[in-house]
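Asks: Structure below; questions to follow.
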Amino acid sequence: NTGKNENTDLVMCDYTTKADQILLEKHIYSQVINPEDVYIKFSKIINTACAKLYNINLFEKYRFPVGKIMEDAHTTYKVLFEAKKVSVINIPLYFYRINLNGIYHSKWKPERLEAVVAIKNQLQFMKDNNYNEALNTASYVYMLTIFKELKHLKETAPEMKKYEKILRKKLRKA
């Protein structure tokens, strides 16, 4: 009802991986903010399609890429910046079930470089559209993504030296 009352294009809430953290507290509130501020303040939940209600019109120009991992991170930020107004609800209302057999909990694979590509594309989008404040956030998320991928590679696939070199080079450049 929040999005409808505020005439927003996108309604977001936080998510949790612990079902007992989903509480209907007495003081649920939402705030309406512009897309750039959402990107800056809620970078944890921007790169996932979950925990959001979208106006269908936001997807007129954008689709999730087929056959890529991190399809959310390739798309959700573009859709966010299509929105005129965004409502953000103050508590986690979405339960995210972690797939322990999924790509993020298995041995590192070269396909995971797609995460770095997706965030690099976000950086370019912020530059191209003069979202200077969001550019700072995207830069931080980019470096953090490279670091996380490098850490996961070293922990689960240390024999993949070629990819370690690629990630180290990207981190230095970033």
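Asks: List the pairs from K84/K148; K41/K162; K18/K151; K18/K127; K84/K170; K84/K169 whose alpha-carbon separation is above 31 Å, in the order I gave them. Write down the numbers at each step before the final one.
Replies: Working: K84/K148 33 Å; K41/K162 35 Å; K18/K151 25 Å; K18/K127 36 Å; K84/K170 34 Å; K84/K169 38 Å.
With Cα atoms farther than 31 Å apart: K84/K148; K41/K162; K18/K127; K84/K170; K84/K169.
Asks: Taking a virtual spin label 7 Å from the Cα of Y94 along the C-beta vector, which residues in segment 55-71 bring their backbone nitrogen under 16 Å of it?
Replies: Correct set: 55-56, 58-59, 64, 70-71.
Asks: Find the relative contact order for the chain and round it to a whole percent, using C-alpha pairs within less than 8 Å whose residues are 6+ positions apart.
Replies: Result for the chain is 28 percent.
Asks: Which whole-Hz couplings ³J(HN,Hα) result when phi for each residue of segment 62-78 is put into the Karplus expression 6.51 cos²θ - 1.76 cosθ + 1.60, θ = phi - 60°, listed in order with x for Gly and Pro?
Replies: With coefficients 6.51, -1.76 and 1.60, one gets 10, 9, 6, x, 7, x, 10, 7, 6, 4, 4, 5, 7, 10, 4, 5, 5 Hz.
Asks: Using DSSP to define loop residues, name the GluC sites (Glu not before Pro) in segment 102-171 whose beta-carbon has at most 13 other beta-carbon atoms within 10 Å. Can you show the working numbers first?
Replies: Working: sites: E111, E114, E133, E149, E155, E159, E164; in loops: E159.
When the GluC sites (Glu not before Pro) of segment 102-171 are filtered for loop state and at most 13 Cβ neighbours within 10 Å, E159 remain.
Asks: Could I ask something else about it? Taking θ as phi - 60°, what are the ³J(HN,Hα) couplings along segment 161-168 by the Karplus curve (6.51, -1.76, 1.60), each to the nearest whole Hz, with x for Gly and Pro?
Replies: Each residue of segment 161-168 in turn: 4, 4, 6, 4, 5, 4, 5, 4 Hz.
Asks: Right, next: Can you list the residues, at least 5 places off or on another chain, whose amide H is less than 5 Å from the amide H of Y15, using H built in the peptide plane?
Replies: Those qualifying (amide H under 5 Å, at least 5 residues apart or on another chain) number zero.
Asks: At 222 nm, what helix-only mean residue ellipticity would the chain give, in deg cm²/dmol to the nearest 500, using -39500 (n - 2.57) for each DSSP H run of four or more? Intermediate values should be presented prior to the final figure.
Replies: Values: 7 runs with 82 residues, N = 174.
Computed ellipticity for the chain at 222 nm equals -14500 deg cm²/dmol.
Asks: If you bin every alpha carbon distance in the chain into 10 Å steps from zero, what whole percent lands in each bin?
Replies: 9, 33, 35, 19, 4, 0
Asks: Also, I was wondering about something else. What list of ³J(HN,Hα) couplings, whole Hz, do you get for segment 122-127 from phi and the Karplus terms 6.51, -1.76, 1.60, once you set θ to phi - 60° and write x for glycine and proline?
Replies: Computed from phi, the couplings for segment 122-127 are 5, 4, 5, 4, 5, 4 Hz.
Asks: What FRET efficiency comes out for N136 versus T48 if R0 is 22 angstrom and r is the Cβ-Cβ distance? Round to the nearest 0.05. Each step should come with its number before you reach the end.
Replies: Details: r = 21 Å, r/R0 = 0.95.
Once the sixth-power term is evaluated, E becomes 0.60.
Every number here is computed from the coordinates shown, using simple stated rules; none is lab data. Just so it is clear, the model here is predicted, and its values are computed rather than measured. When we count neighbours, we look across all protein chains shown, and the Cβ atoms used for this are built from the backbone with ideal geometry, even at glycine.
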